[in-house]
Amino acid sequence: SIALNLLSSYRNQYLGVFQYSAEIVPVLIFATIEAMVLITWIVQWLVKQLRAPQEQQTRDQEASPAEQMKPAVFVRPGLRWLQPAVLLVLVGFTLFTAVRNDFTYGALPFSRAFAWPQVTQHDQVAQQFVAMIPPSASVSAQSSLVPHVSERSHVYLFPYADDTADDIFLDITGFTYPFAASPYTNEVKKVLQSGRYGVEAAEDGLLLLKRGLPPPGISTYSPVQSGPDAVPELPAAFCSFTRVSPQEVQHALEVDFTPEDSPGSSISLVGYSVAPPQSFQAVTPLMQVTAYWRVNTANMPPLRILTTLLDKHEKEEFSSIDFPALSWCPVSSWEPGTIVRTVGSAVYVGNVPHGIARVTLALLPYNVPFGTRETLTHRVPLHIVRAPINVAATLGTNAVQVEAITI
């Protein structure tokens with residue numbers, strides 16, 4: 001087990017904070033105890049070595065045999081407290097490191113990313129969906145939903161049995177394990193396009209699919225008619241998770257974007273929030289960007305949201321268009337005047353040079369291929385109407401810098 005953890009090329013295997021290291025936890029516990037015993041034994045031996053010359057010197061200076069029978073008077077009586085003091089320091093250090101790790105990676109009330117669980121409207125909708133699933137039905141469900149439908153003979157972790165299960169229960173706003181966000185979206189759309197499942201219920205990002213129902217068609221707002229980028233025709237309530245009130249907007253500002261290929265159309269960035277690596281429990285350096293938008297006109301073209309990280313020389317070190325909500329609720333489907341919250345996937349930024357990095361937001365036309373030079377040259381033009389002093393446009397790139405973080 002120790003060799004598997006230490007010699008693995010998979011980073012999460014040897015970090016010591018994931019389930020892969022569970023087998024060596026007893027070894028580490030007993031190794032810590034033995035190390036403390038060994039250190040205190042060494043201290044005890046050193047104390048004896050320091051006492052021996054003093055004891056001999058005291059005996060040599062005794063004047064009579066009667067006085068030699070008396071206990072030796074040590075020159076340094078403080079040495080007798082050295083061993084328990086060292087033990088106390090070791091125990092204190094062990095407790096300190098345990099509490100420190102709980103603060104960084106744990107789920108205790110004082111942990112860095114801890115939040116008291118609350119029953120939300122989203123949870124209540126999910127419970128209604130659970131009640132719609134027959135007890136005898138086999139279910140393929142998403143990671144966080146499996147425990148809520150587990151009292152049955154056949155339950156699977158999605159995507160297992162996503163072609164044979166009676167029902168499929170998904171939450172596109174939740175944890176997508178074992179997928180990353182993009183492969184998860186592709187798998188769900190593949191199921192919807194397979195023709196084997198139809199939509200029994202869809203609301204607030206939750207999907208309940210039933211085998212044998214008519215499959216959904218392709219939305220009129222879809223930028224393409226087939227493939228993973230095709231948007232299925234779902235009830236309007238499905239995208240309610242994206243719509244927020246003005247009071248929920250964070251870091252309010254107003255930056256207008258005007259697509260050149262759609263004269264008269266306009267969309268505004270009205271808020272943002274950035275979760276830097278320090279705000280996550282995981283030891284893996286992650287970042288998550290949330291952007292709040294308001295569509296000002298109807299008939300918006302399909303757009304993609306681009307977020308980048310700039311170094312101190314304003315060189316782009318990282319970029320991402322991974323905002324999963326757009327795969328289901330494209331910009332062209334947003335109603336004018338509505339404020340929409342788009343949450344980016346938690347992305348790995350461990351390859352970004354350490355130091356201060358500036359987070360930017362931009363919009364791309366859907367037909368601009370990501371990862372090419374056009375990603376830089378064909379961005380939607382912007383104009384800052386109102387913004388805090390820390391927000392500024394990046395010269396010549398049609399991107400707005402919203403926040404500086406430490407990597």
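Just so it is clear, none of the values below were taken in a lab; they were calculated from the coordinates. On a predicted model such as this, the values are computed, not experimentally measured, just so you know. In this analysis, Cβ positions are derived from the backbone assuming ideal geometry, glycine residues included, and neighbour counts consider all displayed protein chains.
For the reader, a short list of remarks on this structure follows.
- FRET efficiency, 1/(1 + (r/R0)^6) with R0 30 Å, evaluated for GLN19 and GLU335 via beta carbons: 0.10
- Stretchable slack from PHE175 to VAL119, in nm (0.36 nm times residue separation minus alpha-carbon distance): 18.5 nm
- Per-pair calculated FRET efficiency, R0 = 56 Å: PHE370 and LEU108 via Cβ, rounded to 0.05: 0.90
- Among 204-212, 234-242, the order from most to least packed when residues are scored by Cβ within 10 Å on average: 204-212, 234-242
- Label point 7 Å beyond Cα of ALA161 along Cβ direction - residues of the stretch 191-207 with amide nitrogen under 18 Å: 191, 196-198
- Over every Cα atom in the stretch 254-328, the radius of gyration and the widest Cα-Cα span, Dmax, amount to 15.0, 46 Å.
- Amide H contacts under 5 Å for ALA393: GLN401, restricted to partners 5 or more places along the chain or on a different chain, H placed in the peptide plane at 1.01 Å from N.
- Taking max minus min of the alpha-carbon positions on each principal axis, the stretch 326-407 gives extents of 40, 29, 25 Å, largest first.
- Relative contact order, whole percent, for the stretch 212-359 stands at 23, derived from Cα pairs under 8 Å and 6 or more residues apart.
- Inter-probe distance in nm under a simple model that places probes 7 Å from Cα toward Cβ, at THR220 and THR377: 3.7 nm
- If the chain linking HIS154 and ALA85 were pulled fully straight, counting 0.36 nm for each residue of separation and taking away their Cα-Cα distance, it would gain 19.1 nm.
- The convex hull around the C-alpha trace of the chain, projected and averaged over every direction, spans 30.1 square nanometres.
- Of the DSSP H helices in the chain, those that are both long (alpha-carbon extent of 24 Å or more along the helix axis) and hydrophobic (Kyte-Doolittle mean at least 0.5) are 82-105.
- Remark: the stretch 245-406 carries a charge dipole of roughly 120 debye about the Cα centre, counting +1 on each Lys and Arg Cβ and -1 on each Asp and Glu Cβ.
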